[in-house]
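So the structure is just underneath, and the comments pick up after that.
The values are calculated or read from the model by the stated rules, or taken from the named source; none is laboratory data. Quick caveat: nothing in here was measured; it's all calculated off a predicted structure. Using ideal geometry, Cβ is built from the backbone for each residue, glycine included, and neighbour counts are taken over all protein chains shown. Heavy atoms of the whole protein, side chains included, go into the accessibility calculation; ligands, DNA and RNA do not. Shrake-Rupley method; radii C 1.70, N 1.55, O 1.52, S 1.80 Å.
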Amino acid sequence: MWLILAFLSACLLGFYDVFKKKSLKGNAVIPVLLLNTLFSSLIFLPFIIGSRQGLISEDSLFYTHQYGWAEHRYILLKSCIVLSSWLFAYFGLKNLPITIVGPINATRPVMVLIGALTFFGERLNLWQWLGVIIAMVGLWMLSRSSKKEGIDFRHNKWIVFVVLANVLGAVSGLYDKFLMASPANHGVGLDKMAVQSWYNIYQFFMMLAMLFLLWWPTHKKTTPFHWDWCIILISIFLSAADFAYFYALGLDGAMISIVSMVRRGSVLVSFLFGAIIFREKNLKAKVVDLLLVLLSMLFLFIGSK
């Protein structure tokens, strides 16, 4: 069940990347990210209120536990990590083709895998190792294909931004496992709905401060903001993707290394839209590499049965 949820999360995450790319075209990054956190907070606010007022039962999937500062400090740290990753990711995606950003994002599971093996003692079977290795080869080939588009990975600051976003994203993924794991398994044992709800709310207030302190004083000299309906879709698809992701991590036997790898399958969705909607270049050279990614996902599924 947790693997099916991971695949669902990957699909939703792919559409999230597409809507994010569309919203950022010729648009100011900080206001777009602020609105994303606002709409995401509004999605989960009714669950917080409903749970507190007794309108949502404790056995419901959407029940949100109430915590004190001892627990909320962990969620606040989660917000800081994720928001830092998002800032780098949004600026990078705005200035790079989505068919380049996708493959770079797909290297994140390598970092998560190393962390999972190191900190959580996870072990992969033969099928899973084959899936991981094939995925890494395919994604490495995919990233090399981008050189034909004239982008020098070593001297492009937006590439650095995307890499930093992935490092922070990997840290966030490992931290999620720590937050979801029970105290008996050396975790905090937090409720997944509480984590997802409150980290969005904390991020909104952080972005609100950033908007007035950093963007507003110079907004007339920088890229202007314009409304795009895809901004709402960013929040909807991200919230749904994260819900499936957190729910998967909360199930017995869920492996963060595999969940993280499967979620990077979102690159397939973003690739298709990059070809059809954004008309990006050098697509033929990337098809074989994407087939390797698909093959790796099949091996991961077989190994987790």
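The table below gives the values:
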read-out: Per residue accessible area in Å² of the chain, where ligands, DNA and RNA are left out and the probe is 1.4 Å; value: 47
read-out: Efficiency of FRET from Cβ geometry, Lys284 and His65, R₀ 51 Å, rounded to 0.05; value: 0.50
read-out: Potential lengthening between Ser57 and Leu298 on full extension [0.36 nm per residue; Cα-Cα distance subtracted]; value: 83.0 nm
read-out: Two-site label geometry, Asn185 and Trp127: point separation in nm, points 7 Å out along Cα→Cβ; value: 2.1
read-out: Burial order of peptide ranges 80-89, 246-255 (average beta-carbon count within 10 Å, highest first); value: 80-89, 246-255
read-out: Dipole axis of the stretch 24-100 (+1 Lys, Arg; -1 Asp, Glu on Cβ), positive-most option in Leu35, Thr64, Ser79; value: Leu35
read-out: Gain in span if fully extended, Ile232 to Lys157, counting 0.36 nm per residue against the direct Cα distance; value: 24.2 nm
read-out: Globularity index of the stretch 193-236, i.e. its alpha-carbon radius of gyration over 2.2 N^0.38 Å; value: 1.44
read-out: Percent accessible area from carbon and sulfur atoms, the chain, protein chains only, probe 1.4 Å; value: 69
read-out: Proximal charge balance of Val195 [Cβ under 14 Å; K/R count +1, D/E count -1]; value: 0
read-out: Rounded FRET efficiency, nearest 0.05, which uses the C-beta distance separating Thr222 from Leu272 and R0 of 25 Å; value: 0.20
read-out: Computed over the chain, the ratio Rg/Rh where both radii use C-alpha atoms and Rh is Kirkwood; value: 0.96
